[in-house]
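Student: Before I ask anything, let me first share the structure, which is written out below as structure tokens.
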Amino acid sequence: MTGDRNNNEYLPRPARITAVRRETFDVKTFSLEFVDRADAFSYKQGQFAEISVLGQGEVPISITSSPSRKGPMEFTIRAAGRVTSAMHDLGPGDALYLRGPYGNAFPFETLKGRNLYFVAGGIGLAPLRSLINMVLDSIEDFGDVKILYGAKNPEELCFRGELEEWKAIPGVEVYLTVDRASPGWTGPVGLVTALWDAAALSPENAVAILCGPPIMIKFAAAGLSGRGFGDEAIVMTLERYMKCGVGKCGHCNIGGSFVCTDGPVFDYAQVKRMPEKEGVF
Amino acid sequence: MSTYLLRKTDVRPLLKEASAVWDIFAPLREGVGDVNFKALPKDRLAEALENLVLDDEPTLLSPKTIFFPQNETMFAFGSGGIREQVESSPKLLFGVTSCDLSGLLFSDGFFAKDFPDRYYLSRSENRLIIVKGCLKPPRQGSCFCASAGTGPFAQRGFDLQLVDLGGEYLVEVGSGKGESFILAHSAFFASGDGRERAAEAVKRDATATLGPGVDFDKALRLMVTGDFEKNFARIGERCVYCGACLYVCPTCTCFNVVDRADGGSGSRMRTWDGCVFEGYTREASGHNPRPSKTARTARRYEHKLKYDPLVAGRSGCVGCGRCLDSCPVGIGMSKFIREVADGTEEM
Ligand SMILES: Cc1cc2nc3c(=O)[nH]c(=O)nc-3n(C[C@H](O)[C@H](O)[C@H](O)COP(=O)(O)OP(=O)(O)OC[C@H]3O[C@@H](n4cnc5c(N)ncnc54)[C@H](O)[C@@H]3O)c2cc1C
Ligand code: SF4
Ligand code: SF4
Ligand code: FES
């Protein structure tokens, strides 16, 4: 994680949007390629990039594509404010700038042979998708894979096509839930933590990987703990306001850590050691 | 360490000669009366040197502003793409206090580690620091460099250090760069042989003027083991969140990044930011992990006194006393350290 002294880490590289796919009313997935050098940069599962719309600003966005697959880098972005809304106004051929990849990564090698529970809320499935597809690309190395995914309502579930494809893979189970049903929804209603029983959650030889809104992470981690998951077997991402992504601007600090460089992936043991008053979740 | 003598009357002529090579930054009295580190304008040198402050007057802002300005352009953008904006002129800092030297060295380490910060590092890559130790505390009652182990005279880290002997300065050489500077301007320097003992006495007297000080080491130990939530809550209620303490602090390095654009062209800027502000951690969703006054106040003290020692191996407070001097409601690091070490209520 060290850079080159003469390399300016803050300068983004020009990229071009090659495709845009709508996920929900306010979420789109963008495929990007660099303009200056054709090679996609090499990244790890769970890392993020800083993406700029020049004149609007720069935001941290997880890389949702998988390092195990060739093809464009993909980013799934919710229109949340100024920069992300400006991105939603762009289409194929338009320019974006990006730098990275930053942050640590989800574990991979240490997950081999284990049963995996992916627990996601809302757009939190985007960073997990990178790891999920990487795992699925060598599924024979892993135990059971269960994907538990919740959204506010059925219309806000992302990657619906892919969820169907995942379901069809032997050894993979997908469980969906929504906070509020809408006409036509026949699945369960409730928080993602209400899926524990349906998914026959068991801590045995298992690791749970969580990504979603802070409040979901908080309850899901506590819930898994209550079900016998050890602290090292609960892996999560923390979200903090970020400006630089490289451990300098200070915004993302918690205690002595920077979420941008020491995280965003932490296990529950690390999270429990963080000072609670700094608002870990 | 070799030593030299520099007559006080030669300081201005020396700076004038050196300005052929260096951009010179020195404590200057500004129009409104404040003293700050400012670049001597090369075209109005004589006039600017009139405003050079050589006695122990406090500078309002720390010299970090030279390498980490309040706002700076990171790059410009437009139809031609991105144009990096870095600055790396040779800089001579004259008259830096010992505590401020510690602050600069601390910030150097922070900006250089992991992902090196090109803006700070290029501004500072070609610099010469001439420290001038304080005979009396510039911020009487607020300075606590002796307690923090950062002054009033520096042990290391300077290129040259001046010790005031009355009509002249004993010049201590701290680096090869410092020695080269003396060689380049040798007409101004005589040998300092035989005056070292006088200089040691001056340093001892200077330390004595600082008064009783604070128990810094005890406070650092207690920050790890103790519980100071009540202090943070009380201080957090009194603070008006103006940010002055952060801006004047030599080791505060937080920044915000914004784009300024007009049509298709513009620039990306960074500006000072600070952990005490409510918006510092607020996310687009409105979720704010650290909204309370108590937690934001705690962040400032714990970052410098608890986490910096843990992560950087040394305290992030160098005892300059600026935060107390600039706070409109009388909050300051020295008072906080006293509260921690002595269990008192100072503010
Ligand atoms: C490591 C990481 C990965 C992320 N991955 C994704 C992703 O894959 N998809 C997605 O849609 N969103 C993601 N986010 C959240 C996304 O960064 C914010 O929604 C975005 O910054 C909002 O910016 P804005 O300009 O649209 O909103 P505004 O409210 O206008 O935000 C202004 C500025 O505040 C900062 N900011 C605001 N909210 C956040 C936040 N939650 N996190 C960090 N900085 C923030 C940004 O610097 C932003 O430019 C991620 C956040 C982090 C920290
Ligand atoms: S915290 Fe206060 S006394 Fe300490 S270095 Fe910063 S401004 Fe100086
Ligand atoms: S200077 Fe004083 S009032 Fe202003 S933010 Fe600092 S502690 Fe609070
Ligand atoms: S985002 Fe700037 S320090 Fe982490």
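None of the figures in this text is laboratory data; all of them are computed from the coordinates on show. The structure presented is a predicted model; accordingly, all values stated were derived computationally and were not measured. Ideal geometry is used to build each Cβ from the backbone, glycine not excepted, and the neighbour counts take in all protein chains shown.
Student: Between A:T186 and B:D227, what is the label-to-label distance in nm when each label sits 7 Å out along the Cα-to-Cβ direction?
Tutor: Rounded to a tenth, the inter-label distance reads 5.5 nm.
Student: Give me the percent of DSSP beta bridges within chain B that run antiparallel, rounded to the nearest 5. Display every interim value, and only then the final one.
Tutor: Working: 37 of 48 bridges.
Antiparallel bridges make up about 75 percent of those DSSP assigns within chain B.
Student: I've got another one for you. Would you mind checking which residues have amide H under 5 Å from B:R127's amide H? H placed 1.01 Å from N; only 5 or more apart, or other chain.
Tutor: Under 5 Å from the amide H of B:R127 lie the amide H atoms of B:K91, each far enough along the sequence or on another chain.
Student: Using every Cα-Cα pair within chain B, state what percent have a distance larger than 34 Å. The partial results should precede the final answer.
Tutor: On the way: 17702 of 60031 pairs.
Beyond 34 Å sits 29 percent of the P(r) for chain B.
Student: Right, next: Using a/c under 1.5 as the rounded threshold, could you call region A:109-237 rounded, prolate or oblate? The axes a ≥ b ≥ c are square roots of the C-alpha gyration tensor eigenvalues, and prolate needs a/b larger than b/c, oblate otherwise.
Tutor: Numbers: a/c = 1.69, a/b = 1.23, b/c = 1.37.
Judged from the Cα gyration tensor, region A:109-237 comes out oblate (a/c at least 1.5, b/c at or above a/b).
Student: Could you give each residue of region B:151-165 its phi-based ³J(HN,Hα) in whole Hz, using Karplus coefficients 6.51, -1.76, 1.60 with θ = phi - 60°, and x for Gly or Pro?
Tutor: Along region B:151-165, the couplings run x, x, 10, 8, 8, 7, x, 8, 8, 9, 10, 9, 10, 6, 9 Hz.
Student: Would you work out the relative contact order for region A:1-138, in percent, from Cα pairs under 8 angstrom that are 6 or more residues apart? Intermediate values should be presented prior to the final figure.
Tutor: On the way: 253 pairs, mean separation 41.2, N = 138.
Once normalised by length, the contact order is 30 percent.
Student: According to a simple spin-label model (label point 7 Å from Cα along Cα-to-Cβ), what is the distance in nm between B:T9 and B:K203?
Tutor: In this crude spin-label approximation the distance works out to 2.9 nm.
Student: Kindly put B:I337, A:I139 in sequence by how many other C-beta atoms sit within 10 Å of each C-beta, fewest to most. Numbers along the way, then the final one.
Tutor: Numbers: B:I337 28, A:I139 13.
Sorted ascending by nearby Cβ count, the order is A:I139, B:I337.
Student: Too long at a 31 Å Cα-Cα cut-off: which of A:K277/B:K218; B:K38/B:K177; B:K113/B:K203; B:K132/B:K335; A:K44/B:K91; B:K203/B:K304? Don't jump to the answer; show the numbers that get you there.
Tutor: Working: A:K277/B:K218 24 Å; B:K38/B:K177 22 Å; B:K113/B:K203 34 Å; B:K132/B:K335 26 Å; A:K44/B:K91 41 Å; B:K203/B:K304 27 Å.
Check vs 31 Å cut-off fails for B:K113/B:K203; A:K44/B:K91.
Student: What is the angle, in °, between the Cα long axis of helix A:125-136 and the longest principal axis of the Cα atoms in chain A? Nearest 10 is fine, range 0 to 90.
Tutor: It is inclined by approximately 70 degrees.
Student: Size of region B:189-347 along its principal axes in angstrom, Cα-based, largest extent first?
Tutor: Here the spans come out as 66, 46, 31 Å, largest first.
Student: When the Kirkwood radius is taken over all Cα pairs of chain A, what Stokes-Einstein diffusion coefficient follows at 37 °C and 0.692 mPa s, in µm²/s?
Tutor: Details: Rh = 19.3 Å.
Stokes-Einstein gives a translational diffusion coefficient of 170 µm²/s.
Student: Note down the magnitude of the dipole of region A:109-237 about its Cα centre, charges +1 on Lys and Arg C-beta and -1 on Asp and Glu C-beta and zero elsewhere, to the nearest 20 debye.
Tutor: Working: 10 positive and 16 negative charges, 79 e Å.
Once rounded to the nearest 20, the dipole reads 380 debye.
Student: What is the P(r) of region A:5-102, as percent of Cα-Cα pairs per 10 Å bin from 0?
Tutor: Histogramming region A:5-102 at 10 Å steps yields 16, 54, 27, 3, 0 percent.
Student: Which is farthest toward the positive dipole end of region A:1-105 among A:L96, A:N8, A:Q45, measuring Cα position about the Cα centre, with Cβ charges +1 (Lys, Arg) and -1 (Asp, Glu)?
Tutor: Value computed over the given set: A:Q45.
Student: Treating only the Cβ atoms of Lys and Arg (+1) and Asp and Glu (-1) as charged, compute the dipole magnitude of region B:216-342 about its Cα centre; round to the nearest 20 debye.
Tutor: Working: 20 positive and 14 negative charges, 35 e Å.
In total the dipole reaches around 160 debye.
Student: Once you wrap a convex hull around the alpha carbon atoms of the protein assembly as shown, what is its projected area averaged over all directions, in nm²? Walk me through the intermediate numbers first.
Tutor: On the way: hull surface 124.6 nm².
Dividing the Cα hull surface by four gives the mean projection, 31.2 nm².
Student: Using a 4.7 Å cut-off between beta carbons, which cysteines in chain B end up with no partner cysteine at all?
Tutor: B:C134, B:C143, B:C239, B:C242, B:C254, B:C275, B:C317, B:C327
Student: Return the distance in nm (one decimal) between the two label points of a simple spin-label model at B:A20 and A:A19, each offset 7 Å from Cα along Cα→Cβ.
Tutor: 6.7
Student: Can you classify region B:266-347 as rounded, prolate or oblate using the Cα gyration tensor, where a ≥ b ≥ c are the square roots of its eigenvalues, rounded means a/c under 1.5, and otherwise it's prolate if a/b beats b/c and oblate if not?
Tutor: On the way: a/c = 1.74, a/b = 1.60, b/c = 1.09.
Prolate.
Student: Taking the Cα centre of the protein assembly as shown as the origin and placing charges on Cβ (Lys, Arg +1; Asp, Glu -1), which of B:F111, A:V172, A:G150 is farthest toward the positive end of the dipole?
Tutor: Selected residue: B:F111.
Student: Right, something else. Could you pull out every one of the aspartates and glutamates with an alpha carbon less than 14 Å from that of B:K42, ignoring same-chain neighbours closer than 8 positions?
Tutor: By straight Cα distance, B:K42 reaches B:E17, B:D23, B:E50.
Student: Rounded to the nearest 20 debye, what is the charge dipole size of the protein assembly as shown about its Cα centre when +1 sits on each Lys and Arg Cβ and -1 on each Asp and Glu Cβ? Provide the component values of the computation, followed by the final result.
Tutor: Values: 73 positive and 78 negative charges, 112 e Å.
Magnitude of the dipole: close to 540 debye.
Student: Related question: For A:M216, B:M347, which order do you get if you count the other beta carbons within 10 Å of each Cβ and list the fewest first? Before the final figure, lay out each step's value.
Tutor: On the way: A:M216 22, B:M347 18.
Neighbour counts put them in this order, fewest first: B:M347, A:M216.
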